[in-house]
Amino acid sequence: MHKLFPWWKRDYYAGALMILLGLITAHEGSNYPLGSLNQMGPGYFPVALGILLMILGGLIAATATAGADAEEAALPHAEWRGWACIIGGPVLFILLGRSTGMLPATFACVFVAALGDRETTLKSALVLATCVTVFGVILFHYLLKLPMPVLTWGGT
Amino acid sequence: MIETALTDLWYGFSVAFEPHNLMWCFLGVLVGNMVGVLPGMGPVATISILLPLTFGMKPVAAILMLAGVYYGAQYGGAICSILLNLPCHPPHAVTCLDGYPLTKQGKGGTALGITVIGSFIGASFGITEMIFLAPALVSVAMKFGPAEVCSLMLLGLLAGSTLARGSPLKGVAMTVLGLIIGIVGADIETGTPRLTFGLLELYDGVEIVALALGVFGIAEFMKSINQNIKFDTKYANVKVRDMWPSGADIRRSFFPWIRGTLIGSLCALIPGTGPTIASFVSYATEKKISRTPERFGNGAIEGVACPEASTHSSVQGDFIPTMSLGIPGDTVMALLLGALMIQGIVPGPQLISQHPDIFWGLIASFWIGNILLVVLNVPMIGLWVKMLAVPYKYLYPSALFFVCIGVYGANNDMFQVGLTLFIGVFGYILLLLGFHPAPILLGFVLGPRFEENFRRAMLISRGDIWVFVDIKNHPISTVFVGLSALLIIAQVVLWLRRMRPGERAPRIAPAPSQAEG
């Protein structure tokens, strides 16, 4: 069994996730008027789809193939550094974009994301971030006139 | 019929030849060819990234460009497969089998030349098919009521999710998830905000850009990072003069081109079977009818000619159900429909008569684009080969920035960037759990229209659910429902067979992919 899925078969997790999502949908949907088939209310469709998704989740778990299938064996190893950097890039873009503008946001986003690759050095990440920032600011600020300040303090 | 088609086509050319339309078409195929060549970038991610840029453009220009990216990427993807043995684009995975051995024998140029000619033949046939078939389909579809539209969508969704890669059950679950995501936001009839979890920003629904870039951008980057695809560029030095195939090669490839084209155009008509399945089927056919099947896998030129012609014919044919019925066959088509809907254009059978400039302009741009691609690929082959060496470690951080700024620019709203990130992480979890998230987008795009038509059908029939299989009053709808039932039964039978020990039903090998195709 793969270490990303330590206790169960992968399809059990997959089925459980679908059941959970279906449950949330059906529960949320039941807050709105259901109506009848003749006059469907806004809640009818979400509830129906939620229940359908729960059934599908149950079927996925029930038909879980015995042992690891070929696809499962080909799963990547946990890639925490890469994942963290790819999530970190957009997070920095949101935070810096709100407070300081496009230039620092772009630089930080590309720089941090680039560090996710194990072969990237600090220098090559800096060079890449600088290039993309220059290109991005010219394209989006000057050519496409995106209403986002290049450099600012205290937010927009 | 031929006469009206020609007049309409003439009109289409006048639209497509307008300078700015021509420019966007050229830009589209250029970008498409580029991302097709780059290992690790797919047409779906690229179209999603370009989508926000099209919001300010005229609808015709937007659709010409986005479509150009799609078929342009097919030309580029073949280069990647033949010269590097990298099946980064699923439709071209099968081309590796004979393309790479040819490259090793120093005949990579010939293989590329055969590919370009075959692609052009395939594409031309696909476009011609669209010119005649789409209006014919429309004249049938115009008679559809809400019940027929609904059951047709059901069939399209089921086919799209069960015939694609991976477990059919998981595919259907993804479609349902897409339908649910499509519900988010204010209800069309009553205005009640649904599934918004109290977030004001979700009242207008989930942006298609946020969904597509989350699932096909961020989630794909998380999957591909540090995978370090190893490839070898030592055979990949091809010059223009190597590309002219010899007379013997052309004679050998001629019938494979024709057979591939026909298989591809047939596959295009069955919803859910896109270019990937077409290329696998045509390779298998070609190998089966060959008098020398042992040459396949060791550099048979037929093994390149047939699947490539079939891919391109299927790619162009894919547009038929999308443009004439408003039912997308795969992810790219769902994105294109989304782009049209953002422009305020309602997809469906009325599209051709209401927006002839879009439909006929698109068809004319296919011809122009394909000719441009042949021109781009032959003299510039050296440049494309150089691009093969751009490593992924430079590619994904730049692409990530384009994702962020693109989503922000769509509405000037940082919330959407956060939503994209959330969807991306969630999408990666789905990938790890063995879901192929492509059908989410199909469900998402069709969801609201499906619900609307379903409600209307129920209203007309006074809540009688059996209206869909009412063979007397709704024979067409009954046929669609019957076909859907057949699809499900076929899947159950296949599954039961797989369960029987010692006997495995033949499955189409899942193409190892970098990006959804």
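Tabulated data
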| item | result |
| --- | --- |
| Exercise: per-residue mean of other protein chain Cβ atoms within 10 Å, A:33-45 | 6 |
| Subset of A:Lys145/B:Lys223; A:Lys9/B:Lys223; A:Lys123/B:Lys393 violating a 25 Å alpha-carbon distance limit | A:Lys145/B:Lys223 |
| Extreme residue, positive dipole direction of chain B, given options B:Trp360, B:Gly482, B:Pro135 (C-beta unit charges) | B:Gly482 |
| Diffusion coefficient, µm² s⁻¹, Stokes-Einstein with Kirkwood Rh over alpha-carbon pairs of the range B:345-488 at 25 °C and 0.890 mPa s | 117 µm²/s |
| Straight-distance crosslink candidates among lysines, where the alpha carbon sits under 27 Å from B:Lys107 and sequence neighbours closer than 8 are dropped | B:Lys230, B:Lys234, B:Lys239, B:Lys287, B:Lys288, B:Lys386 |
| Extreme residue, positive dipole direction of chain B, given options B:Trp495, B:Ala410, B:Gly40 (C-beta unit charges) | B:Trp495 |
| Spin-label pair B:Trp244/B:Thr7, simplified geometry with 7 Å Cα→Cβ offset, distance in nm | 4.4 nm |
| Whole-number D in µm²/s for the range B:1-101 (Stokes-Einstein; Kirkwood sum over Cα pairs; 20 °C, 1.002 mPa s) | 146 µm²/s |
| Burial order of peptide ranges B:334-344, B:450-460, B:149-159 (average beta-carbon count within 10 Å, highest first) | B:149-159, B:334-344, B:450-460 |
| The range B:149-304: Cα Rg divided by the 2.2 N^0.38 Å rule of thumb | 1.54 |
| Kirkwood Rh (inverse of mean 1/r, distinct Cα pairs), the range A:80-143, angstrom | 11.7 Å |
| Cα long-axis angle, helix A:80-99 against chain A (0 to 90 degrees, to the nearest 10) | 70 degrees |
| Sorted by Cβ neighbour density within 10 Å, fewest at the top, the residues A:Thr106, A:Thr133 | A:Thr133, A:Thr106 |
| Distance histogram in 10 Å bins (all Cα pairs of chain A, percent per bin) | 10, 21, 17, 20, 26, 6, 0 |
| For B:216-226, mean number of other protein chain Cβ atoms within 10 Å | 5 |
| Helical contribution to [θ] at 222 nm, DSSP H n ≥ 4, -39,500 (n - 2.57), averaged over the protein assembly as shown, rounded to 500 | -21500 deg cm²/dmol |
| Separation of alpha-carbon centers, the range A:117-156 and the range B:43-106, rounded to whole Å | 27 Å |
| Cα convex hull volume per residue for the protein assembly as shown (Å³) | 161 Å³ |
| Kirkwood-Stokes translational diffusion coefficient of the range B:61-220, alpha-carbon pairs, 10 °C, 1.306 mPa s, µm²/s | 80 µm²/s |
| Dipole of the protein assembly as shown, positive direction: furthest Cα of B:Ser81, A:Cys85, B:Ile117, with charges on the beta-carbon | B:Ser81 |
| Long-range Cα-Cα pairs in the range A:10-73 (distance over 14 Å), rounded percent | 60 percent |
| Convex hull of the range B:246-390 built on C-alpha atoms - directionally averaged projected area, nm² | 10.9 nm² |
| Relative packing of B:166-177, B:312-323, B:18-29, which averages over residues the other C-beta atoms within 10 Å, highest first | B:312-323, B:166-177, B:18-29 |
| Partner chain coverage, peptide A:83-89 - average Cβ within 10 angstrom | 6 |
| Burial order of peptide ranges B:59-65, B:491-497 (average beta-carbon count within 10 Å, highest first) | B:59-65, B:491-497 |
| On Cα atoms only, tilt of B:146-162 relative to the major axis of chain B in degrees | 40 degrees |
| C-alpha long axis of helix A:102-114 to longest principal axis of chain A, angle in ° | 70 degrees |
| Distance in nm between pseudo-label sites at A:Val134 and B:Phe197 (7 Å out along the Cβ direction from Cα) | 4.2 nm |
| Reduced Cα scattering model of chain B, Debye log10 I(q)/I(0), q = 0.12 Å⁻¹ | -1.13 |
| Unit charges on C-beta of K, R, D, E only; dipole of the protein assembly as shown, Debye | 1520 debye |
| Trypsin sites (Lys or Arg not before Pro) lying in DSSP loop within the range B:193-264, provided at most 13 other Cβ fall within 10 Å | B:Lys230, B:Lys234, B:Lys239 |
| Gain in span if fully extended, B:Asn237 to B:His20, counting 0.36 nm per residue against the direct Cα distance | 74.6 nm |
| Total charge dipole magnitude, the range B:2-499, about the Cα centre, Cβ charges on Lys, Arg, Asp, Glu only, Debye to nearest 20 | 1520 debye |
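Taken together, the values in this text are just the output of simple stated rules run on the coordinates, not laboratory data. Predicted model, so just to flag it, every value in this text is computed and none were measured. Every residue, glycine among them, receives a Cβ derived from its backbone with ideal geometry; neighbour counts consider all protein chains shown.
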